[in-house]
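Working notes for the structure below.
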Amino acid sequence: MIVDDDHSMRIALVESVRRLGYIAEGVADGAEALQVYREARESGKPFSAVIMDLTIPGGMGGKEAIQRLRELDPDVRAIVSSAAFEAP
């Protein structure tokens, strides 16, 4: 699962992961990620990993979401990253 509030980035990452042969789904924030992750586990088709944006303005970002995902699944595999950018 890919978690990123930037629609273009999310689509690009989902497509990249799919090209590598994985099934991928993209969501916009941590709250949606928790819901989708829970549903996938309950359906017997859990995600192998989560790639998550650290900062999501106005939504649950990676720091809080990974803590809550760990409560749901202590064995969750996740990468939490941020595309920090500073203009020159």
Practice task
Whenever you get a sec, compute what percent of the accessible area on region 12-88 sits on carbon and sulfur atoms (1.4 Å probe).
Solution key: 50
Exercise for the section: With a ≥ b ≥ c taken as the square roots of the eigenvalues of the C-alpha gyration tensor of region 4-88, please select rounded if a/c is under 1.5 and otherwise prolate if a/b is larger than b/c or oblate if it is not? Expected result: oblate
Handout entry: Positive-end residue, region 1-67 charge dipole about Cα centroid, Cβ charges, pick of Gly21, Gly61, Val36
Key = Gly21
Fill in the blank from the handout: Treating only Lys and Arg (+1) and Asp and Glu (-1) as charged, each at its beta carbon, one finds that the chain has a dipole about its Cα centre, in Debye to the nearest 20, of 320
Handout entry: Helix-derived mean residue ellipticity, 222 nm - over the chain, DSSP H n ≥ 4, -39500 (n - 2.57), to 500
Key = -13000 deg cm²/dmol
Practice task
Search the structure for amide H atoms under 5 Å from the amide H of Glu25, placed 1.01 Å from N in the peptide plane, and list their residues when 5 or more places away or on another chain.
Solution key: Ile2
Problem - For region 7-20, 3J(HN,Hα) per residue [Karplus equation, 6.51 cos²θ - 1.76 cosθ + 1.60, θ = phi - 60°, Hz, x = Gly/Pro] - result: 4, 4, 5, 4, 5, 4, 5, 4, 5, 5, 5, 5, 5, 7
Practice task
With all protein chains present, calculate the accessible area of Ile51 using a 1.4 Å probe and round the result to the nearest 10 Å².
Solution key: 60
Exercise for the section: Mind checking the per residue accessible area of the chain for me, 1.4 Å probe, whole number of Å²? Expected result: 68
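The values are calculated or read from the model by the stated rules, or taken from the named source; none is laboratory data. Since the model is a prediction, treat every value here as computed from it, not as a measurement. Backbone-built Cβ (ideal geometry, glycine too); neighbour counts: all protein chains shown. These area figures cover heavy atoms from the full protein model, side chains too; ligands, DNA and RNA do not enter into them. Shrake-Rupley method; radii C 1.70, N 1.55, O 1.52, S 1.80 Å.
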